[in-house]
Every structure is written in C-alpha cells, then in structure tokens.
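Remarks on the structure that follows.
Just so you know, all these numbers are worked out from the coordinates, no wet-lab data involved. Please read all numbers here as calculations on a predicted model, not as lab measurements. Cβ coordinates were reconstructed from backbone atoms using ideal geometry, including for glycine residues, and neighbour counts include every protein chain displayed.
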Amino acid sequence: TGQELTVTEMVPNERFRFHSVMSRGMGWEFDFTMTAKPQGDATLVTRDQKITNFPIFMLPMKLMMPLIVKKFDKKMLNNLKADLEAGS
C-alpha cells in the first residue's frame, strides 16, 4: 500500500494507536487512534487521526484533509462493522 505502520500503543479491547509513514506520499505522516467502548449490547468503535508531517507544498491539501478523511472513515468503519458482523 505504500505505507509503513508502527504500532505505538495497544490496550486490548480498548485502544490501538499507530503511526503511518506514506512512502509514496512525499513526506506525509499520520498518527491514528482506534478505540472500542461498550455501548449497551454493542460496541462503539471510533477512529481519530492527526497529520504529524506533510510536505509544505501540499498545504492546501492539508486544509482539505478533514473532509476527505471523514468520508474515508465512514466507509472504513462500515466495512469493519460488516466484517465483524459476518464473523470474518
């Protein structure tokens, strides 16, 4: 995928953090946190991200990232939910 991932924290059944370096991204780096919290008979999974490094010439793209990431997150979380419910 062109990314190098490093796990930075893992608390089983609670939190998972990792750092991503996009090898083809010309300097983009991100920190991600995924959390799982009981919510009634279900589990609420959230995902947060922070840009930690980016190429200066990509500043306009950095400003658009919240919109792009929100759409990507929704798709990713829907896929994760479907996989979990299917037992895969």
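Which of rounded, prolate or oblate describes the chain when judged by the alpha-carbon gyration tensor and an a/c cut-off of 1.5?
prolate
Helix 59-86 versus the longest principal axis of the chain: what angle, 0 to 90°, nearest 10, using Cα atoms?
The answer is roughly 20 degrees.
Just in the chain: which trypsin sites (Lys or Arg not before Pro) are loop by DSSP and have at most 15 other Cβ atoms within 10 Å? The partial results should precede the final answer.
Numbers: sites: R15, R17, R24, R47, K50, K62, K70, K71, K74, K75, K81; in loops: R24.
When the trypsin sites (Lys or Arg not before Pro) of the chain are filtered for loop state and at most 15 Cβ neighbours within 10 Å, R24 remain.
Run the reach check for K50 against lysines, Cα to Cα strictly under 19 Å, same-chain hits fewer than 8 apart removed. What comes back?
Partners found: K62, K70, K71, K74, K75.
7 Å from Cα along Cα→Cβ at both T52 and F72: what's the point-to-point distance in nm?
1.6 nm
So between D31 and L44, what do we pick up on full extension, going 0.36 nm a residue minus the alpha carbon distance?
Separation in residues times 0.36 nm, less the Cα-Cα distance, equals 2.7 nm.
In deg cm²/dmol, rounded to 500, what helix-only [θ] at 222 nm does the chain give when every DSSP H run of at least 4 residues adds -39500 (n - 2.57) and the total is split over its residues? Could you put the intermediate results ahead of the total?
On the way: 1 runs with 28 residues, N = 88.
After summing the helix terms and dividing by residue count, I get -11500 deg cm²/dmol.
For K37, give me every one of the lysines with a C-alpha distance below 17 angstrom, ignoring sequence neighbours fewer than eight places off in its own chain.
List returned: K81.
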